[in-house]
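A short reminder: the numbers here are calculations on the coordinates, not readings from a lab. For clarity, every value in this text was computed on a predicted model and none was experimentally measured. Methodologically, a virtual Cβ is constructed for each residue, glycine included, from the backbone with ideal geometry; neighbour enumeration extends over all protein chains shown.
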Amino acid sequence: MNLTHKFSELVRAIKPLHGAKRAAVQRKRPHEIPDAKSLRDHLQVALELELSTIPPYLTALASIEEGTNLEVAGLVRSVMMEEMLHMILAANILNAIGGDPVLAMKGVAPEYPAILPDSDGSFQVSIQPLSIAALQTFMRIELPTPKDTHAKADGYGTIGQFYAAIMEAIVRLAKKGEIRFDHHPERQVAPSDYYNGHGKVVLVNSWGSAIAACKEIIHQGEGNDHGISEKGQVIDGIGFELAHYYRFMEISLGRRFQQGDTPASGPTGAVLPVDWTRMKNMISNPKSGWYTADDPRRKVMDECNETWWKLLQELEKGLNGKKESLQRSVPYMLLLKQRASALMNVPSGVAGTVLGPSFELPDSALHQ
Amino acid sequence: MMKELIPTTEEYDAVIVGAGASGAIVALELARKGKRVLVLEAGRSIRDDEDGWRSVVDTFHGALAKVPNSPYPPTAMAPQPDVLQLAPIKKGVPNSLGYFVQKGPQNFGSDYTRSKGGTTMHWLACALRMLPNDFRMRSMYGVGVDWPIGYDELRKDYESAEREIGVSGDVGEYWLPGVDPKTYWEGYTYPMKKMPDSYVAKRLAARIGDLKVDVGGKDYKIRVTPTPQGRNGMPNPDYVDPLSGKKGDYSPTGTQSDPLRGERCQGNSSCAPICPVQAKYSAHRTLNRAQALKKGPVSLVTIECQSVATFIQTSKDNGRVQYIEYMAYAQDGAPARKKRAKGRVYIIAAHAVETAKLMLLSDIGNHSDQLGRNLMDHPTMLTWGLMDEPVWPFRGPGQTNAIPTFRDGPFRSEMAAFVLPIDNWGWIWSAFAPDVPFAQLVGQGMFGSALRQKVAHDFSRQVTLQFEIEQVGEAYNRVTIDRNFLDPLGVPRPIIHYELSDYVRRTMEAGVRISERIFKKAGITNKTQYSVSDPCHAEYNGKVYSYKGCGHYVGTHRMGSNRNNSVTDSHLRCWDHKNLYLVGCGAMPTFGTSNPSLTMAALAFRASRAIIKDLDKHTSKAL
């Protein structure tokens, strides 16, 4: 089967969404975030939104057989790392305007399949192995916002639309003196605290830096000025940072972008080798509840969920001023990836598939 | 007779021989000024993508004996020394098992890597600056020679080198003997915060307490301090980037496969030879930065690998280099093609041994008779034992801390200075742990849970101290060539003459005594064994001391104050050939107890300035 050909069709199938979305989102008046409290709520949603992308990307990464598809794995991994950056950036803004980031709570961390928090619900995000279908979802998550789309805080169609509403509110409320950016400076996650992928942590202490943080998020995800590159320019004379949407497109089409390419040209660079036979045949959206308490499969799934839970707890503490918790969270990240990979060696009992991580939180996570 | 037609390159601004750290830095600095540069590299290159990196990591994982060159098998056309080729040298019978012909009387115990990236492909990445007194050994202590420049003249270049390599360290915790931190650092901070101290170093520091040891009639306090390292850590918000002038804006530099991804150390514990996440600096990064600099669409820097320089042609009239002859090979065993490279300036940055060899082959630059002489290393005497508490070695970088107490002191007029890194990998270097001690236990008939318990008990208590001992230049320690010993390309192999002086051996004797004191205070049972059957050993006062090579090749084309005592001036310009620079560790007249790569990198920045000046001064073709 010619997968490249097949996917080209899928990419084309996505494109009409631009138009469809435009029709859906164009209103007479942009949705506004009315006040400081609402802005804090929306930034908490932003945090949840960024968080919700990490499990599907991590699962996709873990589903690539160790030692194969290295370039593809590198791309998925780079996107996943940048989603962590985005989460940190959202937390920095939220902290600066006096909020308290929440992560380790049921309902905050999503259950899969999920729709992106507060989005228009036009698509679902599943926990699934890397596949054409998964990439289609990932590209939908990172879909560039059409040029003439209004900002939209609730029921947004693209992430960019959502952040546009946040940026608009930041500027408006800052000008009116309704928000300040001097809360909890000690909670700001600095470059020295953050294990960077591409991109940089922005310390938020003014409306300008808050806007810079939002722009970093949008540009890394969707690209800049409707080009393929995050910064829209060559960086340090070396390469360019490709936006997430286009990185996933590279994998889908099995070809790299090169300098000079545009969204219209698609990738015209080197061949990106993708060996689809070396992805784990993981069952989508597994649940620990499928197995009885004495089933060894239940035990390994519970262990993986426990790690996810501990990771969220450490991260939350880390974003609320306990810096040493940020460092403590790193081993949990590595362990989570290990456990997710290990689960993919365990038969699920369904149609020759294997298990995967389920990212479920214990009932105790309802209350903090 | 028909004249041989030899393909000749176009004329570059500069031709550099060697794509290691020195050559890379010179290429980058020249390209930053718009100069066009050709780099010739004798060895192969690993591919600059994930697969390429992964394949060398796999090669290392698959190697039975884990030695520095395990990930990088040699090419027959550009062979390299390997520590597995060391063998005892009998009188009059040189060891020519490997690439070197070791004439002795002692073995030079080190290797190096002939490939793009040079020895940064397997270095441990300790990035120590030299001490001010290291530059003036003759006037301070009456041994060795003085440098023509002092520490102060190199300080800014050290800062450039630390930025380029990406050094993690903590100035505040970095105590150095005889050094005034104010004038030594001038308010400097490293680009990144220090690597965390290893647990074994913390425990040793705690157990050693306030121990003082007598050396040469003076008491010295044993101190444990962090070691600055060329691996990515946490950016230091106080760091001011010397290039941009910006504070707190430093980003760890990227991997060779992805220049934008600055991986940081995660404690994979195979730094030497290879960091699987590429947190450790390699010269590939600098070469990538250099090659990204373009004039129009064309890169200013061209790198030709598998190109072995074999001869430097100079003019009989004015001594200027006219071209460099080199052999380009496609693969091992296939016939190589003779070529010529032309430039306005020529830089030999091929490694202390290779640079000396090429100069000797070309029979140039040796008015002083110092070429190839003064070959030095840090002969490293190890002492090892079992601590009375678990110290959990084999986690994190190979060394995060050292005892710098004996890097300087009045004793240096009698015996060599030494630095004492605290090895973080148990007995890996001292007794081939974990494999060999494990095999010994099995050989003793242990198995099952008894074996497991024994391994858990002993291996968690393994401690090794490294006595890295300073050498000063001796005329008899040298590289020569002999056309009876040729490599497959027909190029003479290096002949190594090497002997440890009493200046070094006295330190070995004192070192064992100091080690005993430290072990006793720290609760370590000594397990050190030296033997005359060790390929690298020396005797002193009737006792045998074994040592290892440290991979620190220094001194073969030392700089100096005039053309009678040295091969180059302090800008590394050859006294005898005005458009020829010899850049690398070979340039250092002495090197104290600092791992030489950082100083080498600093000198490459210094030389680059002089080269650019030369090129700009003589805009006409004839330089």
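Summary of computed values
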item	result
Table column - 3J(HN,Hα) (Hz), segment A:322-327, Karplus curve with 6.51, -1.76, 1.60, x for Gly and Pro	8, 4, 5, 5, 4, 5
Cβ-derived FRET efficiency at R0 30 Å, B:Glu186 paired with B:Arg138, nearest 0.05	0.70
Two-site FRET efficiency, B:Lys294 against B:Lys246, from Cβ-Cβ distance with R₀ of 22 Å, rounded to 0.05	0.35
Cross-link reach list, aspartates and glutamates versus B:Lys116, counting only Cα pairs under 12 Å and skipping chain neighbours closer than eight places	B:Glu41, B:Asp48, B:Glu304
Whole-Hz couplings from phi, Karplus 6.51/-1.76/1.60, listed for segment B:5-16; x for Gly and Pro	8, 10, x, 10, 6, 5, 8, 8, 5, 9, 10, 10
Where labels lie 7 Å past Cα in the beta-carbon direction, separation of A:Gln338 and A:Ala351 in nm	3.3
Beta bridge orientation in segment B:9-126: antiparallel %, DSSP, nearest 5	40
Gap separating the Cα centres of segment B:226-281 and segment B:139-185, nearest whole Å	21
Chain B: angle of helix B:199-208 to the longest principal axis, Cα-based, in degrees nearest 10	60
Neighbour-count order for B:Ile149, B:Ile422, B:Ile25, fewest beta carbons within 10 angstrom listed first	B:Ile149, B:Ile422, B:Ile25
Dipole magnitude of segment B:235-382, debye to nearest 20 (Cβ charges: Lys/Arg +1, Asp/Glu -1, about Cα centre)	560
Projected label distance in nm at B:Thr8 and A:Thr277, using a 7 Å step from Cα toward the beta-carbon	5.4
Beta bridge orientation in the protein assembly as shown: antiparallel %, DSSP, nearest 5	70
Gap separating the Cα centres of segment A:112-160 and segment B:517-542, nearest whole Å	66
Hz values of 3J(HN,Hα) by residue in segment B:460-466 - Karplus curve (6.51, -1.76, 1.60), Gly and Pro given as x	6, 10, 5, 9, 10, 9, 10
Long-range amide H partners of B:Ser115 with built H, under 5 Å	B:Gly43
Theoretical gain in end-to-end length, B:Ala76 to B:Ala439 [0.36 nm per residue, Cα-Cα removed]	127.4 nm
Value of [θ]222 nm, deg cm²/dmol, for chain A, DSSP H segments ≥ 4, -39500 (n - 2.57) each, nearest 500	-16000 deg cm²/dmol
Dipole magnitude (debye, nearest 20) for chain B, charges at Cβ of Lys, Arg, Asp, Glu	500
Other-chain or far-sequence residues with amide H under 5 Å of B:Met234's (modelled H)	B:Lys193
Subset of B:Lys33/B:Lys316; A:Lys147/A:Lys337; B:Lys294/B:Lys357; B:Lys280/B:Lys548; A:Lys287/A:Lys323; A:Lys176/A:Lys322 violating a 28 Å alpha-carbon distance limit	B:Lys33/B:Lys316; A:Lys147/A:Lys337; B:Lys294/B:Lys357; A:Lys287/A:Lys323; A:Lys176/A:Lys322
Cβ-based exposure ranking for B:Ser449, A:Ser341, in which fewest neighbours within 10 Å come first	B:Ser449, A:Ser341
Theoretical FRET efficiency, 1/(1+(r/R0)^6), r = Cβ-Cβ of B:Ala65 and A:Glu111, R0 51 Å, to 0.05	0.50
Charge-dipole axis of chain A as Lys and Arg at +1 and Asp and Glu at -1 on Cβ define it, positive-most pick from A:Cys304, A:Ala293, A:Ile127	A:Ile127
On Cα atoms only, tilt of B:502-522 relative to the major axis of chain B in degrees	40
B:Arg461 long-range amide H proximity, modeled H, under 5 Å	B:Val391
Chain lengthening between B:Ala206 and B:Gln266 when straightened (0.36 nm per residue, less Cα-Cα)	19.1 nm
Segment A:319-368 and segment B:1-72: distance between their alpha carbon centers, rounded to Å	43
Inter-probe distance in nm under a simple model that places probes 7 Å from Cα toward Cβ, at B:Ser96 and A:Ala133	6.9
Among beta bridges that DSSP assigns inside chain B, antiparallel share in %, nearest 5	70
Helix-only [θ]222 nm of chain B, DSSP H runs n ≥ 4, -39500 (n - 2.57) each, per residue, nearest 500	-7000 deg cm²/dmol
Trypsin sites (Lys or Arg not before Pro) restricted to DSSP loop in segment B:510-573 with at most 16 other C-beta within 10 Å	B:Arg563
Exposure proxy order (Cβ contacts within 10 Å, fewest to most) of A:Thr307, A:Thr268	A:Thr268, A:Thr307
